Structure formats: C-alpha cells, structure tokens
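What follows is a single structure, written as structure tokens, with notes after it.
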Amino acid sequence: MYHGWADQRWTLARVKKLIGRLFRISYTVEGTWRLLKRHSWSWHQPARRAIERNDDAVELRKKEVWPRVAGMSCYTTGERARLIYAVREYRGRKNQPKGFGSRDFRALLVRARIQVGGPIVLVRGNVSIHLTADLREFFATNTDWLTGFQLPAYAPDLNPQEGVWSVVKRDLGNLAAADLGQITGTVKRRKLKMLQYRPQVLDGCLADSGLALDE
C-alpha cells in the first residue's frame, strides 16, 4: 500500500490529498501542479509494470473516443471576457465526423456576433479547417461585421485560445472516467462552464499571448 492507495500512480489529485493529510494545507489541483513545477518535480512512471491490463480500455483509446471542442475567447474593451464554445462527442461510428466542419465554425461566429452585439475582429490560427474555401468565402461576404487576421504558422504562443485549451486539459490527465459521457460532462461543466464565470483567467490568456486591445 502506498499512503492508502493500492498502486504507485502519483496523480495530482493524490498529491493534493496527501499534502492536506500530512500538513493540513489545502491546495487546488492546479496549485499542486504549480507547487511541484516550482520545485522541479516531474511526472514518473511506476517502478513496476502492471501485470494485467484492460483490453477494452486500450481499444477505446485506440479509437480516439473523445469529446471534440471548438471555441473562441471574446474580448471587448470595458467588458468582461467571454468564452463561446461547442462540444461534440465522437464515438467512432461509421461516417461520423471526427471534428467540426466549416458550417459549425460559421455557426460559432454567428453566435459570437449575437452575444457580443457588434462587429468582430477575428484572430485565428492555422488549423486546416480555418483555411477552407467556404470559410474564406464566408469572411469575404461578411466584411460589414467580420474582420479576420491570420496568425503566422507555428505560433500558438500568440493565440490566447491556446492558453484556454491548456487550462481545460490540465486536470483531465487525472480523470479516471468510466465512459465518454463522464469525460464530456467534466469538460463542459467543470472546465468550460467554470471559465465562463472566471473572465480573469481568459484575460490572463490574452496577456500571456502579448496581444492587446486597442483603447
């Protein structure tokens, strides 16, 4: 036994719980991650390999059965930052699209315009879907409210949305989900929903990118 656990998997959640148990100090999982990083402690594999494995879980992983997320962070001078997103479950079914198509991104932009209530200046990355002909046509025919700027290739550090996705993914490695529905629910309710009520985190992602709003 390892401090009450049957194996040596030191996840952030377990380290957080052990710190509280030994020192009576309460950390969030994110705070625990920062504490370990500050002391140059890194992730390590268990000393012993598992004797048994769950073949069903391995097949699930091979099929990439995960929720797909598309989103955009919206910043308006003098107002709180907003996160607008859509989530789709990909279950590996025949002819089911793995991700979002150009029609989905157009719908997301229209939602953003309605929620923001004004013109949009869109800073987008170089994901292939952003460069399709029908999206280029959509941008060209809606210049009255939509202005687009393309980031340089291989420049995720300039994209505030990359910081948002990093926050969303940070704790998912410690999630022992029973099924796809639990993963999707965690992403939607515990991560994306949380960020909608924490505009300061979205502001931090903008600051880290080095981009700024024109006053």
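Just so it is clear, none of the values below were taken in a lab; they were calculated from the coordinates. Bear in mind that the values here come from a model prediction, so they are computed numbers and not experimental data. Every residue, glycine among them, receives a Cβ derived from its backbone with ideal geometry; neighbour counts consider all protein chains shown.
To one decimal place, what Kirkwood hydrodynamic radius in Å is obtained for the range 112-215 from all pairs of distinct Cα atoms?
Working: mean 1/r = 0.0626 Å⁻¹.
Every distinct Cα pair counted, the radius reaches 16.0 Å.
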Q.
Please give me the summed charge of the neighbours of PHE23: other residues whose Cβ is under 12 Å from its Cβ, Lys and Arg +1, Asp and Glu -1.
A. +4
Q. For the cross-link pairs LYS16/LYS169; LYS37/LYS193; LYS98/LYS188, which exceed 22 Å when the distance is taken from alpha carbon to alpha carbon?
A. LYS37/LYS193
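Write out the chymotrypsin sites (Phe, Trp or Tyr not before Pro) in the range 91-154 meeting two conditions: DSSP loop, and at most 13 other Cβ atoms within 10 Å of their Cβ.
Values: sites: PHE100, PHE105, PHE138, PHE139, TRP145, PHE149, TYR154; in loops: PHE100, TRP145, TYR154.
Answer by residue number: TRP145, TYR154.
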Q | Ranked packing of 195-206, 108-119, most packed first, by mean Cβ within 10 Å | A | 195-206, 108-119
